[in-house]
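Q: The following block contains the structure, expressed as structure tokens.
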């Protein structure tokens, strides 16, 4: 007879919501098993606009509750992960499309009021100096606004939550698909398949969490085989990356006559990130890719505002992610559909063996979503400890004086022979976990083989041994972002090294729509 391990909770989905729930639950004393069929953050959670924000445009649709919660979470997350999240100023050139100048100013005043704290500067009206050589806007834009939100490394935020769960004793299994889940006796019987070996095995659980993002409907109908009061509306959002198109530190928010807004964001010092689109999607989210029409759409909006035009051939990289919006059965355009999430509790006929379906959600509100999920499950786990994540840093986020600059200076003192730019990248990616990577390294030769652009063997071994990395895409696209800089030959050398050192390297990776 198969010996089945028993857990308090099985979480399906290794995106931001799944890892956030797993981390919160494990820290409350529950035993958690998380399965992800691909890599952590390989779906929607690494295909975002890389922002922690209140959702300024949601005010237009009167989603005051969502904006208030998002701004509250923005403050908490900035303190939890100051190495991954940094405040950023956003410039909004005024173009009278839908609202007059005074109404936008009033909306920003309300935005400031709901998100008031010392970390984020207040908004204000501004005038553009067209004699300023670094002003990228066309001369017809004379005035606008500037406000605050934050940029984030989205995939590393997911990894940090998986690390938090693991550090508290949780089990994280990537490349492991849930192929069946049913209530059997006193427990859920969950059948899993390791995608590399194709070996199947079963575990038991007292509760099941469906946090599979755009696959949530599929889990409900095909795996759990139950009904749900909610349905998802899948929307493809695409982004492009071009060479740095202006030298200002601020991002830009551009209005469009179709009701959408487009972000133009400084990215990785050398690039500009532009997005996102909203396109109805029907199919496997793994197959989503950016269309030529989307590229033209993004270029055209930027060209409506910026002096120097961009064209499709300027695009260096692009990606598409599928967002799961809760379908209101309305005929509203996609831009007007609420980004609020829904949590659905389903039990058996004895009001036991809970299933929680997570529908919707966004990066900014993942921690609150996880907390509410655990509140729903409290009656089933009376021994569960109370909420704890509000004031607890994520792994690596316990910076000295909560300052990334102080940490960088500390690393420079402790590792004086290592390049400052390398220590800075480590600090922004790993925070205080940098010490776990470097350990006793004193000289550059202690970091092992160099694969280009500051990627050394020591970091790769850390990512494989501690952060579930198995492919070059796991390493280059999600955990380090160095895939934007390495040449094809350098990538081939890394792949060959991983094979020669007996690491499981899946040659194709999960390179969804990146190019």
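Q: Going by Cα centres, segment 113-160 and segment 17-79 are how many Å apart?
A: Using only Cα atoms, the two centres lie 22 Å from each other.
Q: Also, quick follow-up: Return 46, 487 ranked ascending by Cβ neighbour count within 10 Å, so the fewest neighbours appear first.
A: 487, 46
Q: Sorted from largest down, what three extents in whole angstroms do the Cα atoms of segment 345-418 have along their principal axes?
A: Ordered largest first, segment 345-418 gives principal extents of 65, 28, 19 Å.
Q: How do the peptides 404-414, 469-479 rank, highest first, by the average count of neighbouring beta carbon atoms within 10 Å per residue?
A: 469-479, 404-414
Q: Viscosity 1.567 mPa s, temperature 4 °C: give me the Stokes-Einstein translational D for segment 106-178 in µm²/s, with Rh taken as the Kirkwood radius over C-alpha pairs.
A: In µm²/s, the coefficient rounds to 77.
Q: For segment 289-331 and segment 179-242, what is the centre-to-centre distance using only Cα atoms, to the nearest Å?
A: The two parts, judged by their Cα centres, are 30 Å apart.
Q: With a 10 Å Cβ neighbour count serving as the proxy for reagent exposure, in which order, fewest first, do 270, 317 appear?
A: Fewest-to-most Cβ neighbours within 10 Å comes out as 270, 317.
Q: Same structure again: What 222 nm value per residue comes from the helices of the chain, counting each DSSP H run with n ≥ 4 as -39,500 (n - 2.57) and dividing by all residues, nearest 500 deg cm²/dmol?
A: Counting only the DSSP helices, I get -8000 deg cm²/dmol.
Q: Taking 8 Å as the Cα distance limit and 6 or more residues as the minimum spacing, I'd like the relative contact order of the chain as a percentage.
A: After rounding, I find 19 percent.
Q: Percent relative contact order of segment 1-156, based on C-alpha pairs within less than 8 angstrom and at least six residues apart?
A: Values: 199 pairs, mean separation 39.6, N = 156.
Computed value for segment 1-156: 25 percent relative contact order.
Q: Turning to a different aspect of this structure: How big, in percent, is the set of alpha carbon pairs in the chain lying more than 39 Å apart?
A: More than 39 Å apart: 24 percent of the Cα pairs in the chain.
Q: Taking only the alpha carbons of segment 400-500, what extent do you get along each of the three principal axes, in Å, biggest first?
A: Sorted from largest, the Cα extents of segment 400-500 read 39, 25, 24 Å.
Q: While we're here: Quote the relative contact order of segment 400-500 in percent (integer), defining contacts as alpha-carbon pairs under 8 Å separated by 6+ residues.
A: 18
Q: So, one more: Measure off 7 Å from each Cα along the Cα-to-Cβ vector at residue 500 and residue 351, then give the distance between these two points in nanometres to one decimal.
A: 6.4
Q: Quick one: what do you get for segment 6-148 if you divide its Cα Rg by 2.2 N^0.38 Å?
A: 1.36
Q: So if I restrict to the alpha-carbon atoms in segment 349-389, what is the Rg, and what is Dmax, the biggest pairwise distance, in Å?
A: My reading of the Cα-based Rg and Dmax gives 11.8, 36 Å.
Read-outs: derived from the displayed coordinates by stated rules, not from any lab. This structure is a prediction, so every number in the text was calculated from the model and none was measured. Reconstructed Cβ throughout: ideal geometry from the backbone, glycine too, with neighbour counts over all protein chains shown.
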